[in-house]
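Trainee: There's a structure below that I have some questions on.
The values are calculated or read from the model by the stated rules, or taken from the named source; none is laboratory data. Quantities reported herein were computed from a predicted structural model and do not represent experimental measurements. Heads up, the Cβs are rebuilt from the backbone with ideal geometry, glycines too, and the neighbour counts pull from every protein chain shown.
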Amino acid sequence: MAKNLLIKNGRVIDPVNSIDKKCDVLIVDGKIAEVGKIESKADMVIDAVGKLVLPGLIDIHVHFREPGDEEEETIASGSAAAVAGGFTSVVCMPNTDPPIDDATSVEYIHRMGRQTRKTHVYVMGTITKGRTGEQLSEMGFMAQAGAVGFTDDGSGVQNVATMQRAMKYASMFKNIVLSQHCQDNSLAGSGVMNAGFNSTTLGLPGIDPLAEEMMIWRDIQLVRKTNMRYHVQHVSTAKSIELIRHAKKDCLPVTCEVAPHHLLLTDDHCRDYDTNYKVNPPLRTAKDIEALKQAIREGVVDALASDHAPHLKSEKELEFLAAPFGIASLECALSLYIKALIEPKIIDWPQLASIMSEKPAKIISVDKGTLGKGKQADVTIIDPDFEYTVDVERFHSKSKNCPYNGWKLKGKVEYTIVGGEIRYSAQGI
Amino acid sequence: MEVLLSSDKIADCITALADEIVSQTSRTDKIAIIGIRSRGEVLAKRLADILSKKLGEKLPCGTLDITLYRDDINNPQGRTQHIVRSTEIGFNIDDTIIILVDDVLYTGRSTRAAMDALMDLGRPKTVKLAVLVERTGRELPIASDFTGYKIDLPADKTIQVNFIESDGKDRVILI
Amino acid sequence: MSKNEFIWNRKHLIGLRELSREEIEFILDTAKGFENISTRSIKKAPTLRGKVVVNLFFEDSTRTRNSFTLAANRLSADVIEFTEKVSSTRKGETLLDTAKNLEAMGIDIVVIRHSAGGAPKFLSRNINACVVNAGDGYCEHPTQALLDTYTIRKIKGSLEGLKIAIVGDIAHSRVARSDIYAMTKLGAKVILVGPPTLMPSQVSQLPVQVSYSLDAVIGEVDVINMLRIQFERMGANPFPSIKEYSHYFGLTVERMAKAKKDILVMHPGPINRGVEIESEVADGPNSVILEQVTNGLAVRMAVLFLVNQAAMAKE
């Protein structure tokens, strides 16, 4: 392994240090040694002409299915997918089987991640034991073991009193965040897609947008009271983002993320009952997409997160009503953001780098997301203009439930460097 | 395109058919005319009118749709489509002499289908076949009892019968 | 005679939403040719001899299943009855497994009834046999709507300009959806009547009028279709009691007095006497409920015939 790694002549973007220029990056002993015009020799040189050199991308919302559903994905396969997609850090959701609701489970995820030696693998623990929404999990012990936050993702904590208790209790720990999959089950019912004209003609039970908005509103009131740092996962509706915009104006410690499918797909895509479009929160409407893009332009959205949710082909080959929710998109997520945000000029590259690296790092309180001197050398090098066709058969992920299969997308990951090591290269390692 | 029978000739043929039918049936017989859709239907009506006049009583006349009984119904047919229409026979065919009427007798397959369709409706005393044109090329052991016009034709030729009621003019043409 | 230009080329009948007016009329015209099979001495034609029809029913239904069975039998097809009250789960045999298994036996037409909307479409994408939808979730029930329109057309001559009320649980009704598509395509004006809790999302985007008062519309409609209140499908109670529902939306003798004299009273069956319709009305002179059942047979024979024809042409 090269001790020194020199990345030459790329367009280096580091929003934290307001850098966006053509220059070099020198990595020594796994740390960023220098950014600028560098003449010194190195053990290994990467020619990055025409490429973007970004602080390592962070996806704070992935499902690697381990433990429990290793047939769908493992931490090893998911990590391979992550680096292929340019992600140097990921946060695993705790809705595994059994759920990650104690310190031992947190340590297990970390160990499997370390052994795989691909991406940094972080994990959130559950808010409630067994994700049942009743008793609080041992958030303290899990935080000590390195859990970066807590969520019952897959569903939201339904009971208001329980959520209030969770916020109050968690507020005594530093550097953790409470994340919520916002959906009021009494309104969502047995819905499988957005409630609207499409659900009416398809004869499928719908999930009212209000189910999401009600819980966001509710939780914001609890944040107002407890001042606990709170993160809204996969925001999907126009009114949801409006609620978050207001909360931010009120200087509440509220952050949020948006998933690529909520920027590119609508419930029109469900018309053929293709279960690859079955996802929770469901695909909404063009109006919602516009509102989310506008929020991203204004900086209201803090993170882009794939909500990579792998499922077996046999599980997705079911009636729309019976198939599980989820889209596997980790490997093409960056290209999807390019298509949704860069190509239509919603935001520019420094802004994209910020919400894919700097700000996600802040949400999970890790010292990452920058190419600052002395920081751990997590770097993603991409060719932004390279066009390719998505082919699920070439995915590193074990699952292929990806509705973007066959799409022509731009943006190829050339190198994914984690802690100074090249963990992925388009040419092969 | 060659005109085989003009309007006048067709009228003559139908009259001749009627005469033949009258000469071969007795006054006491219960007779009914049934035409095979679609040109046989027109022919049957005309025949029934003439026969009714000759016999001095209104002969029952019906229409048989044989689509459901065709032997090519489940063969790949390319783009030709079988249209099912209704069979309209408003009388009991049991113990009746049925004069089955079609425009052209060629392979004999339509007649076979018509006989099967007829048998599902009841039990006629006898079934006689009357056709306007009979051409060579039988594929089944079927023969007509009453024939208006006979012709020898190679297989690549097609006969088309046109009637005023369905096509605007009376004529039989060769294509 | 120039009508012969139209070619029916669908080997599946999934729903009426995707059908054109011409296609719907073609099915109805074809059905007319099948009507007399049921009235003559030998109630059978050899049309589908050697074909195998599977009745794949994942939901209880005696009427629709019997009607399809009889329709297939009258066309001389062999019929396999496959009834399973199991919904798909992530583990275990899936709908696809079941269908592939049946297909391996060499079947030609699958008639499917399933509680999940889209199940017939899903099946049609994955097997070679013809697929006929006998009701999927609350998506569509095309043959029911076809027999409804057939019945109306037969009595009224045409649907053009008719006002038709569909009353009841619209939200969870596949019959209502298929009826709306068929009836509006054939030129009728459809009025949906029921409590707001039983109206589907964004119902206003459908080409229909919506009314919450049966009394307000009873006097102006030519046809009234009373949907069955399906207690099992409604989930959380959308109205306080059956008594209150009947009070507002039941077709009573009293309400019938305000209706047009020649109004047709329809019901997809089985009826809940005294809930959505009073017995005297259901059995009364304006009721065509039993004609619907009779016509259903002709319509289903026509559908089986047509999908098979299209499959043959595609081979």
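Trainee: What helices (runs of 4 or more DSSP H) lie completely within the stretch A:294-354 and have 1 or more residues being buried (at least 22 other Cβ atoms within 10 Å of the Cβ) and away from chain C (no Cβ under 14 Å)?
Mentor: Per the criteria, A:333-337, A:349-353.
Trainee: Further question on the same structure: Working only within the stretch A:189-213, note down all residues that are surrounded by 20 or more Cβ atoms within 10 Å (Cβ to Cβ) and part of a helix (DSSP H, G or I).
Mentor: Selection gives A:Asn198, A:Ser199, A:Thr200, A:Thr201, A:Leu202, A:Pro209, A:Ala211, A:Glu212, A:Glu213.
Trainee: Taking C:Leu48, is it away from chain B (no Cβ under 14 Å), outside any helix (DSSP H, G or I), buried (at least 18 other Cβ atoms within 10 Å of the Cβ) and not acidic (Asp, Glu)?
Mentor: No, not satisfied.
Trainee: Let me ask something else about it. Within the stretch A:133-157, which residues are within 19 Å of A:Cys256 (Cα to Cα) and of a type outside the set (Phe, Trp, Tyr)?
Mentor: A:Ala147, A:Val148, A:Gly149, A:Thr151, A:Asp152, A:Asp153, A:Gly154, A:Ser155, A:Gly156, A:Val157
Trainee: Also, quick follow-up: Anything in the stretch C:283-315 that is touching a residue at least 24 places away in the same chain (Cβ under 8 Å), away from chain B (no Cβ under 14 Å) and touching a strand residue (DSSP E or B) at 6+ places or on another chain (Cβ under 8 Å)? List them, or say none.
Mentor: Within the stretch C:283-315, C:Gly284, C:Asn286, C:Val288, C:Ile289, C:Gln292 meet the criteria.
Trainee: Give the residue, chosen from B:Ser110, B:Ser86, B:Ser166, that is under 17 Å from B:Arg39 (Cα atoms) and away from chain C (no Cβ under 13 Å).
Mentor: Result: B:Ser110 is the single residue among B:Ser110, B:Ser86, B:Ser166 that is under 17 Å from B:Arg39 (Cα atoms) and away from chain C (no Cβ under 13 Å).
Trainee: Can you give me the number of residues within the stretch B:117-157 that are within 14 Å of chain C (Cβ to nearest Cβ), among the hydrophobic types (A, V, I, L, M, F, W, C) and part of a loop (DSSP other than H, G, I, E, B)?
Mentor: Residues meeting the conditions: 1.
Trainee: Would you check if there is a residue in the stretch C:120-143 being away from chain A (no Cβ under 14 Å) and within 24 Å of C:Asp215 (Cβ to Cβ)?
Mentor: Checked the stretch C:120-143: no residue is away from chain A (no Cβ under 14 Å) and within 24 Å of C:Asp215 (Cβ to Cβ).
Trainee: Taking the condition of a type in the set (Lys, Arg) and without any contact (Cβ under 8 Å) to a residue 12 or more places away in the chain, does A:Lys345 pass?
Mentor: Considered against the rule, which asks whether it is of a type in the set (Lys, Arg) and without any contact (Cβ under 8 Å) to a residue 12 or more places away in the chain, A:Lys345 comes out as yes.
Trainee: Is it the case that the stretch A:342-352 has a residue that's basic (Lys, Arg), at negative phi and at pLDDT 95 or above?
Mentor: No - not one qualifying residue is present in the stretch A:342-352.
Trainee: Additional query: C:Pro238 fails exactly one of the following numbered conditions: (1) more than 14 Å from every other protein chain (Cβ to nearest Cβ); (2) assigned to a loop (DSSP other than H, G, I, E, B). What is the number of that condition?
Mentor: Going through the list (1) more than 14 Å from every other protein chain (Cβ to nearest Cβ); (2) assigned to a loop (DSSP other than H, G, I, E, B), C:Pro238 breaks only (1).
Trainee: Please determine whether any residue of the stretch A:382-394 is closer than 14 Å to A:Ala81 by Cα, in a loop (DSSP other than H, G, I, E, B) and in the same structural domain as A:Glu34 (by TED's automatic domain parsing).
Mentor: Yes, there is a match, as at least one residue in the stretch A:382-394 is closer than 14 Å to A:Ala81 by Cα, in a loop (DSSP other than H, G, I, E, B) and in the same structural domain as A:Glu34 (by TED's automatic domain parsing).
Trainee: From (1) in a loop (DSSP other than H, G, I, E, B); (2) buried (at least 23 other Cβ atoms within 10 Å of the Cβ), pick out the condition that doesn't hold for A:Asn95.
Mentor: Every listed condition holds for A:Asn95 apart from (2).
Trainee: If C:Glu59 meets every condition in (1) crowded, with 18+ Cβ neighbours inside 10 Å; (2) modelled with pLDDT of 90 or more; (3) more than 10 Å from chain B (Cβ to nearest Cβ) apart from one, which number is that one?
Mentor: (2)
Trainee: Being among the β-branched types (Val, Ile, Thr), touching a residue at least 24 places away in the same chain (Cβ under 8 Å), over 12 Å from C:Phe58 (Cα atoms) and assigned by TED's automatic domain parsing to the domain that holds C:Asp60, is that true of even one residue in the stretch C:86-106?
Mentor: no
Trainee: While we're here: Would you confirm whether or not the stretch A:198-209 contains a residue that is touching a Gly at 6+ places or on another chain (Cβ under 7 Å), in contact (Cβ under 8 Å) with a residue 24 or more places away in the chain and under 30 Å from A:Ala377 (Cβ atoms)?
Mentor: No, the stretch A:198-209 contains no residue that is touching a Gly at 6+ places or on another chain (Cβ under 7 Å), in contact (Cβ under 8 Å) with a residue 24 or more places away in the chain and under 30 Å from A:Ala377 (Cβ atoms).
Trainee: Tell me, yes or no, whether the stretch B:65-83 has at least one residue that is touching a helix residue (DSSP H, G or I) at 6+ places or on another chain (Cβ under 6 Å), away from every other protein chain (no Cβ under 14 Å) and crowded, with 20+ Cβ neighbours inside 10 Å.
Mentor: no
Trainee: Moving to a separate point now. Quick check: is even one residue across the stretch C:16-23 facing another protein chain (nearest Cβ under 7 Å) and of a type outside the set (Gly, Ala, Ser)?
Mentor: Within the stretch C:16-23 (the criterion being facing another protein chain (nearest Cβ under 7 Å) and of a type outside the set (Gly, Ala, Ser)), the answer is yes, since at least one residue qualifies.
Trainee: While we're here: If I filter the stretch A:415-422 for residues that are over 28 Å from A:Met44 (Cα atoms) and assigned by TED's automatic domain parsing to the domain that holds A:Cys23, do I get at least one hit?
Mentor: No: the stretch A:415-422 contains no residue that is over 28 Å from A:Met44 (Cα atoms) and assigned by TED's automatic domain parsing to the domain that holds A:Cys23.
Trainee: Still on this model: Tell me which residues, restricted to the stretch B:62-116, are in contact (Cβ under 8 Å) with a residue 60 or more places away in the chain, part of a loop (DSSP other than H, G, I, E, B) and among the β-branched types (Val, Ile, Thr).
Mentor: Passing the criteria: B:Ile93, B:Thr96.
Trainee: Here's another thing I want to ask about it. Would you say A:Ile100 is within 15 Å of A:Val62 (Cα to Cα), hydrophobic (A, V, I, L, M, F, W, C) and part of a loop (DSSP other than H, G, I, E, B)?
Mentor: yes
Trainee: Next question, about the same structure. Do any residues in the stretch C:216-244 that are more than 25 Å from C:Ser158 (Cα to Cα) and in the same structural domain as C:Val190 (by TED's automatic domain parsing) have Cβ atoms under 9 Å from those of residues that are at pLDDT below 80 and of a type outside the set (S, T, N, Q), where the two are at least six apart or on different chains, and which pairs are they?
Mentor: C:Ile242/C:Phe231
Trainee: Check off (1) modelled with pLDDT under 95; (2) on the phi > 0 side of the Ramachandran plot for C:Gly187 and give me the number that stays unchecked.
Mentor: (1)
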